[in-house]
Ligand SMILES: CC(C)(COP(=O)(O)OP(=O)(O)OC[C@H]1O[C@@H](n2cnc3c(N)ncnc32)[C@H](O)[C@@H]1OP(=O)(O)O)[C@@H](O)C(=O)NCCC(=O)NCCS
């Protein structure tokens, strides 16, 4: 499998509930997506997985880290099990520069029911997926963590709309934090999103460094009715619009294009037609 990233950000999805029909045997000639997931994890990942308490958590970890390794292998001649990663002081992983791999950047996110991996060619990227159907005290969390502008926008909403839109802001904010790679050293109220108009909303963004705001592009969408996801990217060179292309890694080992309906897009960002 070889995929090209020119002017695009690719988003890979796996839904752990689907993994039960992985093939029992494997061998020459099967795609990287057909090998059992546990075969591609390294010792560190297996140890981290083993420390997770619940089987569902272990399965989600295995699915997402195998997805990352397999997806990366679609852009270079490195087999899934041979990728190595290093992490920065705040926990953000990237490909080990000593590996001699193509200049890929990635961001991984997982939550119950979904794993996503965003991949770009050298551009900073962050991705986040959350369950949008969880009940949370959205008004309290927004007051405590979000920027005053975001909080004011949410407070004008009905309780149902507040609950829904809270997760839109949350995933967008997480995508930016993850792209920057500073963890919560970047205060959540130091940058703001605005969602304007009817879906797909126009995403407005003011960064912690105002000079940076125009460099960031975001997409917000629902990969499943129960989940919300966001991806943020800072294109490394000005070119045409950045296109977001989605792929679904199926349990059979096949990869299929995934159509997602956008809830919001920055000007300059578009969803690739399937
Ligand atoms: C850890 C953090 C990156 C995200 O955590 P999360 O949303 O719980 O988890 P996600 O599944 O989206 O992301 C986890 C993955 O991000 C990556 N990651 C870890 N630290 C990272 C960092 N500093 N920057 C970017 N990516 C990071 C790893 O690949 C990690 O996967 P792994 O733990 O399986 O190795 C960080 O942003 C955080 O702690 N957020 C706090 C959440 C919060 O309070 N949000 C308030 C609402 S806005």
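Bear in mind these aren't lab numbers, they're just calculated from the coordinates by the rules spelled out. Remember, predicted model here, so these are calculated numbers, not experimental data. We place every Cβ from the backbone using ideal geometry, glycine too, and count neighbours over all the protein chains shown.
Which order do the peptides 69-81, 38-50 take when ranked by the mean count of other beta-carbon atoms within 10 Å per residue, highest first?
69-81, 38-50
Top mean-square fluctuation among 249, 139, 230, Gaussian network model of the chain, C-alpha springs under 10 Å?
The residue that fluctuates most here is 139.
Any chance you could give the angle, 0 to 90 degrees and rounded to 10, that helix 55-72 forms with the longest Cα principal axis of the chain?
Once rounded, one gets 80 degrees.
Looking at the chain as a GNM with Cα springs under 10 Å, which of 14, 115, 101 has the largest mean-square fluctuation?
101
Give the residues of region 151-181 whose amide nitrogen is closer than 14 Å to a point set 7 Å from the Cα of residue 136 in the direction of its Cβ.
151, 162-177
Helix 159-180 sits at what angle to the longest principal axis of the chain, using alpha carbons and giving 0 to 90 degrees rounded to 10?
Helix 159-180 sits at roughly 60 degrees to that axis.
For a quick protection proxy, order the peptides 251-263, 84-96 by their average other-Cβ count within 10 Å, most packed first.
Peptide ranking by packing, descending: 251-263, 84-96.
Taking Cα centroids, how far is region 234-274 from region 155-195 in Å?
Taking the Cα centre of region 155-195 as reference, the centre of region 234-274 is 21 Å away.
Could you work out which residue, out of 196, 150, 174, moves most in a Gaussian network model of the chain, that is, has the largest mean-square fluctuation with Cα springs under 10 Å?
It is 196.
Applying 1/(1 + (r/R0)^6) with R0 = 51 Å to the Cβ-Cβ distance of residue 272 and residue 54, what FRET efficiency is obtained, to the nearest 0.05?
0.90
If each residue of separation counts as 0.36 nm, what is the full-extension length gain between residue 144 and residue 186 once their alpha-carbon separation is subtracted?
Stretched out fully, the residue 144 to residue 186 stretch lengthens by 13.6 nm.
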